[in-house]
Amino acid sequence: MTTRLKRIATLQSECSSNDMRPYVALEHLESWTGKLIEGTELPMRKPASTGMATAEPGDVLFGKLRPYLAKSWAVHQPVLASTELVCMRPHTQLNARWLGYLASSVPFVEWTTATSDGAKMPRTNWEKMGLYELSLPSLSEQRAIADYLDTETARIDTLISKKRHLIDLLVERRTALITQTVTRGLDPSPRLRPSNIDWLGDIPEHWDVSQLRRFVKSVKTGSTPASTELKSVVGDDIAWLSPGDIGSVLQMKQPSRTLAKMAVDNGLVPVFPAESTLIVGIGATTGRVGHSSKLSTGNQQLTCIVASDRIFPRFLSWQLWAHAKEIRAMVPYTTLPILTNEFLLSLSFAVPSLKEQQEIADYLDAESARIDALSSRAMAVIKLLEEYRTALISAAVTGQISIEA
């Protein structure tokens, strides 16, 4: 039977209860899965504004703001729904679980997106959603489809969960490997001695311990030209880096902003030489470390450390990356932690010979790249599984695959 959604479901837009209920908002829902975001603990609240709805088990919620995000949820407990959610209550000829899967199917999401209003923040409403035309199977077929999708999506979700767990293990493995290697070297059982630095612990007996100032040519902080000067030096000659341009494991992202060479020539920004260590000196990501292989500059939130000939540049970067948490914990601050240049220069590190430094850096570069490749492959599998999950739901609720009642 072909029908429109408004004929088999009703908009629930009233607050029929003033009791405290778990509150569901757009930010609590995953895209395309029909689930709450993992680990979400719904806050408790009473109705506070017009448009909220008291949703009951069997209702289905759908995000009306930016409907292309495909945020939906089949309600299984009494909740209070945000004003950004449409609450659909199925009629007797409509199975709630089947409706939940319909709400996360490609044809339905495409319809709500195409008929929404607004460019930057498109929004749909029940009047337009209700016009969606669908082929409605019998109740027994709806239940069979929902049962099938419950089983199959659970199987896919388990595979996805295992891949995500693998990625988490790889991240933990990399962190442990880097920390172990920059403090103990490549020898699996080196002879150790106390470093006399609490956060360094024991180190190989042939390593030297000294302050960073002994191993660097310079430590300089970036800058931001005044707005009037900035307009005159816009260009594509040199990357003007910020904390957001530093990735998670030393790597640098594609720079978000660039400047003309005259910005450096006129002394408006400092030069960050190639093969420099970059560290975020202030802000939410204080202590994050990157390694820039190219000449660049940066804003006032970044500090550039230029290695002397006593230390291999990437070994220095790996050292700072491995000890970022300890460094951040030692930073003097009031409202925000601030890594001053003098503070960085006073930090003590354990350093082997230049030859061993390069061997350690080369090893960590190779191992980190290997772990990145494994993580990327796992992420690619997750993406395929997610796409298959969405396609399977869409095919099942539109009758493209046959499922016996």
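The values are calculated or read from the model by the stated rules, or taken from the named source; none is laboratory data. This structure is a prediction, so every number in the text was calculated from the model and none was measured. Cβ placement follows ideal geometry from the backbone for every residue including glycine, while neighbour counts extend to all protein chains displayed.
Structure summary
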item: Top-ranked residue in region 191-200 [being loosely packed, with under 13 Cβ neighbours inside 10 Å and not basic (Lys, Arg); ranked as modelled with the highest pLDDT]; result: 194
item: Candidate set: region 265-310, residues that are surrounded by fewer than 20 Cβ atoms within 10 Å (Cβ to Cβ) and among the hydrophobic types (A, V, I, L, M, F, W, C); chosen: the one farthest from the chain's Cα centre (by Cα); result: 268
item: Every residue from region 106-134 that is among the β-branched types (Val, Ile, Thr), in contact with a strand residue (DSSP E or B) (Cβ under 8 Å, 6 or more places away or on another chain) and assigned to a loop (DSSP other than H, G, I, E, B); result: 124
item: Output for region 44-67, where each listed residue is surrounded by fewer than 15 Cβ atoms within 10 Å (Cβ to Cβ) and at pLDDT 95 or above; result: 57
item: Residue 340 vs. criteria within 30 Å of residue 262 (Cα to Cα), surrounded by fewer than 21 Cβ atoms within 10 Å (Cβ to Cβ) and either of a type in the set (Asp, Glu) or under 32 Å from the mean Cα position of the chain (by Cα) (or both); result: yes
item: Which listed residue is touching a residue at least 60 places away in the same chain (Cβ under 8 Å) and assigned by TED's automatic domain parsing to the domain that holds residue 278, from 347, 295, 336; result: 347
item: Test for residue 360: is it assigned to a helix (DSSP H, G or I), hydrophobic (A, V, I, L, M, F, W, C) and under 25 Å from the mean Cα position of the chain (by Cα); result: no
item: Filter result for residue 70 (buried (at least 22 other Cβ atoms within 10 Å of the Cβ) and under 23 Å from residue 18 (Cβ atoms)); result: no
item: Pick from region 76-121, criterion aliphatic (A, V, I, L, M) and without any contact (Cβ under 8 Å) to a residue 40 or more places away in the chain, ranking: surrounded by the most Cβ atoms within 10 Å (Cβ to Cβ); result: 96
